[in-house]
Structures are given as structure tokens and as C-alpha cells.
Amino acid sequence: MASAQTQEDPPLVEVELSQDNLAPYVERRDNSGVYFGIAYEGVDLKNYISVLDGVNQSYASIFGSNPVPLIRLNVDYKYNTALGSIAAGIDLGTGQLSGTVNGVTHDLSLLKYGVGLKWTLDNLWTEPYVAPYVGINFWQMGIKEKTPTDNFDMTTDFGYNYTLGFLFQLDWLDYDSSKTSTWDWGIENTFVDVYATQYAKTMSDADPNTETDFLYGAGLRLEF
């Protein structure tokens with residue numbers, strides 16, 4: 001009698017996926033991530049005094065109610081916790097404005113660079129449809145002002161501004177495209193960023209006064 005021939009089963013191969021892209025955000029997110037943002041805010045330096053051409057002119061007398069249109073770029077490393085996420089990173093902003101007083105044109109430009117901290121409640125729901133946050137930035141500001149006959153150029157001491165804002169998720173508007181972006185590019189979320197911020201004086205009394213009222217800004221933030 002011929003003996004039955006046994007055949008060994010092929011070995012099992014275990015495949016681990018680093019992330020389930022179809023899972024809700026609170027389930028699929030890693031312990032950490034990265035924010036990339038671009039935003040606009042209008043900076044009204046209400047207490048700034050120009051000393052060019054030997055005349056002390058106020059910000060309002062030169063530029064009226066027009067703010068400096070500051071365009072900001074920021075990159076943050078974020079750490080996800082059970083109480084939301086904590087992010088730290090770098091921030092760069094630049095903008096310029098022109099105004100005329102007594103027939104003389106003044107050009108004012110700002111360059112702000114520094115670091116920031118943010119705490120975002122992005123796990124209130126399974127998806128961060130709305131995520132409130134608070135933040136603080138520490139910076140130095142390059143201030144340049146010039147007229148046809150005079151100019152002023154300096155870098156301030158350290159200052160800060162604090163921010164209250166909301167992130168509004170856009171992914172639900174086009175669910176399929178958002179999942180494709182997650183798979184192809186690693187984009188976890190796309191947000192509209194709406195915020196209010198207020199600048200304080202710098203640490204040096206010799207600096208121009210950078211104190212402001214609450215300013216409003218908006219932009220786009222991507223989470224990877």
C-alpha cells in the first residue's frame with residue numbers, strides 16, 4: 001500500500017502596515033508629526049514713532065489705519081498626547097508698507113523671526129473638524145524705514161506675542177482626495193487657520209514700541 005505523501009504548509013508571512021489610512025484620525029495618528037503653515041496677519045504698530053527727517057511722526061499720521069501685511073511661514077514638530085498635541089518650531093514673517101505725510105513717502109518693512117509653542121486640542125472628536133489652540137511666539141524683529149532723504153535700520157531685542165486660534169479641517173470636503181494625499185504624501189490633515197494675536201513690547205526700552213491691540217490673521221496649515 002502506498003503511503004500518503006504529506007505536503008508542508010507554506011510559511012505564513014506577517015505584513016504590518018505602518019498606518020491604516022482609512023481609520024479615524026485619533027486612531028491612525030502616530031506619536032508625533034509635523035506642521036507646515038503659511039498665514040497672513042495685519043500688524044498695526046500703533047505706538048511706533050518715526051524719527052526720520054528730524055520729525056517725530058506717529059504710525060497713524062504716516063500710514064493711517066493700514067497695517068503692515070505680514071506673511072508668515074512656520075514649521076513645527078508636534079507631539080501627540082491624550083490631552084491634544086504640543087508643538088514647537090520656527091516662525092518667519094515679512095511685510096512692508098508705504099505711506100505719505102507732508103508730501104514725503106515713508107517705506108516701512110518688518111522681518112520677524114523666532115520660535116513658537118502651541119497647544120492644540122485636536123482630539124476632541126475622532127476627526128479634528130474644529131481644533132482650538134493657544135500659542136506663544138518669541139522673536140526678534142528687523143525694522144527698516146526710509147524716506148527719499150533718510151533711513152532707519154535696526155533689529156530689536158527679544159519680544160513675544162500670544163495667540164488664540166481655531167483650526168478648521170478641510171478633509172471632509174473631499175474625503176477621497178484627502179485619503180489619497182495621506183497615502184501618497186503623508187498629509188494627515190489640511191486646516192484653515194483662523195486666529196487672534198497680540199504683540200507686547202520688547203525687552204529693551206530703547207527699541208521702537210512693538211505693542212499692539214489684538215490682531216487677526218488667517219492661513220493654511222498642513223499636518224504630516
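Any idea how many residues of region 137-169 are open to solvent by 50 Å² or more (accessible area, probe 1.4 Å), part of a strand (DSSP E or B) and either touching a Leu at 6+ places or on another chain (Cβ under 6 Å) or not polar (S, T, N, Q) (or both)?
So the first thing to find is which residues in region 137-169 are open to solvent by 50 Å² or more (accessible area, probe 1.4 Å), and the list is 138, 144, 146, 148-153, 155, 157-158, 160, 162, 164, 166, 168.
Applying the additional criterion that residues be part of a strand (DSSP E or B) yields 138, 144, 146, 151-153, 155, 160, 162, 164, 166, 168.
Subsequent filtering for residues that are either touching a Leu at 6+ places or on another chain (Cβ under 6 Å) or not polar (S, T, N, Q) (or both) retains 138, 144, 146, 152-153, 160, 162, 164, 166, 168.
Residues in region 137-169 being open to solvent by 50 Å² or more (accessible area, probe 1.4 Å), part of a strand (DSSP E or B) and either touching a Leu at 6+ places or on another chain (Cβ under 6 Å) or not polar (S, T, N, Q) (or both): 10 in total.
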Residues in region 30-86 that are assigned to a helix (DSSP H, G or I) and over 19 Å from Asp153 (Cα atoms): how many? 2
Take the residues in region 207-222 that are more than 10 Å from the chain's Cα centre (by Cα) and of a type in the set (D, E, K, R); name whichever of them is least open to solvent (accessible area, probe 1.4 Å). Asp207
Of the conditions (1) open to solvent by 10 Å² or more (accessible area, probe 1.4 Å); (2) within 26 Å of Arg221 (Cα to Cα); (3) in a strand (DSSP E or B); (4) acidic (Asp, Glu), Glu127 clears all except one; give me its number. (3)
Within region 25-81, considering residues that are of a type in the set (D, E, K, R) and open to solvent by 40 Å² or more (accessible area, probe 1.4 Å), the one farthest from Tyr195 (Cα to Cα): Asp53
Exactly one of Val55, Val43 is under 20 Å from the mean Cα position of the chain (by Cα) and either in contact (Cβ under 8 Å) with a residue 60 or more places away in the chain or more than 30 Å from Ala23 (Cα to Cα) (or both), and that one is Val43
For region 178-204 the number of residues that are open to solvent by 30 Å² or more (accessible area, probe 1.4 Å) and at pLDDT 95 or above is 7
From Thr105, Thr81, Thr94, Thr120, residue being within 21 Å of Thr212 (Cα to Cα), among the β-branched types (Val, Ile, Thr) and at pLDDT 95 or above: Thr94
Among (1) among the polar types (S, T, N, Q); (2) open to solvent by 70 Å² or more (accessible area, probe 1.4 Å); (3) touching a residue at least 40 places away in the same chain (Cβ under 8 Å); (4) in contact with a strand residue (DSSP E or B) (Cβ under 8 Å, 6 or more places away or on another chain) - the single one Thr105 does not satisfy: (2)
Given the conditions (1) in contact with a helix residue (DSSP H, G or I) (Cβ under 7 Å, 6 or more places away or on another chain); (2) modelled with pLDDT under 95, every one holds for Val51 apart from (1)
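The values are calculated or read from the model by the stated rules, or taken from the named source; none is laboratory data. Nothing here was measured: the structure is a model prediction, and the numbers come from that model. Ideal geometry is used to build each Cβ from the backbone, glycine not excepted, and the neighbour counts take in all protein chains shown. In case anyone asks, the SASA skips ligands and DNA or RNA and just uses the protein heavy atoms, side chains included. Shrake-Rupley method; radii C 1.70, N 1.55, O 1.52, S 1.80 Å.
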